[in-house]
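**Q** Quick one: structure below, then a few questions.
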Amino acid sequence: MDMEKNYHIEDFTEVHYKELLYKAKHRFRFAFYREEPSDNKAFWRHDVDYSPERALRIAEIERDAGVRSTFFFQTGSLFYSILEDPTAELIRSIAGMGHDIGLHFDPAAGRGLALEKGILEVIAGRKVEAFSLHNPDKTSIDNHTEHVIEGMVNAYSEIFRKSCAYCSDSNGYWRHRRLADFLYEESGSIQVLTHPVWWQDKPMMPRERIVRCAELRRIKCMEWYDSFLYECGRENVR
């Protein structure tokens, strides 16, 4: 990482996240995507690319702060599977806190919005009413300009892109402005995108966070393998 550029890595802690929520809730009203962007609404969303466990922690922090947001899950992530029971239970727990569950859709995967929506609805046990695009580029955004597609509100529709100021922490740093400055400077409706994996108990470089996420998944896989052999009374040849 270019150390001459200030990426404000110190921002990405749970403590600072709580401060940002406090600032946001006193200037904006948190809204779900089925609402129209108006009257100082904050469309606060999380694209869960890497860590459902961190998504659960963010959901708990927001619940304790008295706000609700939308968590967008992938059906085909390389880092987690919504078909695994612990992840499915985690998604339902987030929904049980009052948050919305949305679809984080990757057009390049070629599975189709309707199919992925149906899978996530079965897992979440509730209707999925919004979707966001994974790794959006000009082509994918241009191909998804409608406000509602397959019965889901499009977080990248023209309505949101024209009506809401936007702030994102993609790749573990602020792509445009720091969220603290953004919340102070903006009025009207806003759309805030965070990725739960970046927000940890202490500051960490983005790649280090992904390494930790991948390592945790490796450990869990091996724990399952070892316990499976033990419970079946089979020899664990090492």
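**Q** Using unit Cβ charges (K, R positive; D, E negative) and no other charged atoms, how large, in debye to the nearest 20, is the dipole of the range 1-116 about its Cα centre?
**A** Around 480 debye, computed over the range 1-116.
**Q** Taking springs between alpha-carbon atoms closer than 10 angstrom, which of Ile119, Ile58, Ile219 fluctuates most in the Gaussian network model of the chain?
**A** Ile219
**Q** Next question, about the same structure. For the range 161-238 and the range 95-114, what is the separation of their C-alpha centers, rounded to whole Å?
**A** After rounding, the separation between the Cα centres reads 17 Å.
**Q** Would you work out which of Cys232, Ala88, Val15 lies farthest towards the positive end of the dipole of the chain? Charges go on Cβ: Lys and Arg +1, Asp and Glu -1.
**A** Looking along the dipole axis, the top candidate is Val15.
**Q** Can you give the relative contact order of the range 78-139 as a percent, counting alpha carbon pairs under 8 Å and 6+ residues apart?
**A** Value for the range 78-139: 38 percent.
**Q** Let me ask something else. When the chain is fully extended, how far beyond the present Cα-Cα distance does Leu78 get from Glu235, taking 0.36 nm per residue of separation?
**A** Value of the extension gain: 53.5 nm.
**Q** What percent does the relative contact order of the chain come to when contacts are Cα pairs within less than 8 Å and at least six residues apart? Write down the numbers at each step before the final one.
**A** Details: 373 pairs, mean separation 59.3, N = 238.
Relative CO of the chain lands at 25 percent.
**Q** Which value in deg cm²/dmol, rounded to the nearest 500, describes the helix-derived mean residue ellipticity at 222 nm for the chain, given -39,500 (n - 2.57) per DSSP H run of n ≥ 4 and division by the residue count?
**A** Theoretical 222 nm ellipticity from helices: -12000 deg cm²/dmol.
**Q** If you don't mind, another one. Looking at the range 122-226, send over the antiparallel percent of its DSSP beta bridges, to the nearest 5.
**A** Values: 2 of 8 bridges.
Given both bridge residues lie in the range 122-226, the antiparallel proportion sits at roughly 25 percent.
**Q** Specify which residue in the list Val197, Cys221, Ser38 is farthest towards the positive end of the charge dipole of the chain, using unit charges on the beta carbon of Lys, Arg (+1) and Asp, Glu (-1), about the Cα centre.
**A** After comparing all options, I get Ser38.
**Q** Over the Cα atoms of the range 122-186, Rg to Rh with Kirkwood Rh, two decimal places? Write out the running numbers ahead of the final one.
**A** Working: Rg = 14.1 Å, Rh = 13.7 Å.
Here Rg/Rh amounts to 1.03.
**Q** Under 10 Å, Cα contacts only: if you run a Gaussian network model on the chain, which one of Pro196, Pro136, Pro37 comes out with the highest mean-square fluctuation?
**A** Taking springs between Cα atoms under 10 Å, the residue moving most is Pro136.
**Q** Can you pull the one-decimal nm distance between simple spin-label points at Trp224 and Glu208, each 7 Å off the Cα toward Cβ?
**A** Between Trp224 and Glu208, the simple spin-label model gives 2.9 nm.
**Q** Assigning unit charges at the beta carbon (Lys, Arg +1; Asp, Glu -1) and nothing else, what dipole magnitude in debye, to the nearest 20, does the range 107-191 show about its Cα centre?
**A** The calculation lands at about 100 debye.
**Q** May I have the pair-distance distribution P(r) for the range 8-89, computed from all Cα-Cα distances with 5 Å bins from 0 and rounded to whole percent?
**A** P(r) for the range 8-89, in whole percents per bin: 3, 13, 21, 22, 18, 14, 7, 2.
**Q** Now for a different question. Points 7 angstrom from Cα along the Cβ direction at Lys127 and Asn171: gap in nanometres?
**A** Distance between label points: 3.8 nm.
**Q** Running a GNM on the chain with Cα contacts under 10 Å, which residue among Ala95, Ala214, Ala42 ends up with the highest mean-square fluctuation?
**A** Maximum among the listed residues: Ala214.
**Q** Using a simple charge model, +1 on the beta-carbon of Lys and Arg, -1 on the beta-carbon of Asp and Glu, nothing else, what dipole does the chain show about its Cα centre, in debye to the nearest 20?
**A** Its charge dipole is roughly 240 debye.
**Q** Same structure again: If packing is taken as the average count of other Cβ atoms within 10 Å, what order do 147-157, 162-172 fall into, highest mean first?
**A** 147-157, 162-172
**Q** Please list the three semi-axes, largest first and in whole Å, of the ellipsoid equivalent to the range 139-238, using sqrt of 5 times the eigenvalues of its alpha carbon gyration tensor.
**A** Three semi-axes, in Å: 41, 21, 10.
**Q** Ok, one more. Over the range 1-130, calculate the relative contact order: mean separation of alpha carbon pairs under 8 Å at least 6 apart, over the residue count, as a percent.
**A** 22
**Q** Over 25 Å between Cα atoms: which of Lys117/Lys220; Lys18/Lys202; Lys18/Lys41; Lys25/Lys138; Lys18/Lys127; Lys117/Lys202 fall into that group?
**A** From the list (Lys117/Lys220; Lys18/Lys202; Lys18/Lys41; Lys25/Lys138; Lys18/Lys127; Lys117/Lys202), the Cα-Cα distance tops 25 Å for Lys117/Lys220; Lys25/Lys138; Lys18/Lys127; Lys117/Lys202.
**Q** Within the chain, what percent of beta bridges assigned by DSSP are antiparallel, to the nearest 5?
**A** Roughly 5 percent of the beta bridges in the chain run antiparallel, per DSSP.
Rule-based calculations on the coordinates, nothing more; no lab input. Small disclaimer: the values here were computed from a predicted structure and weren't measured. So basically every Cβ, Gly included, is an ideal-geometry build from the backbone, and we count neighbours across all protein chains shown.
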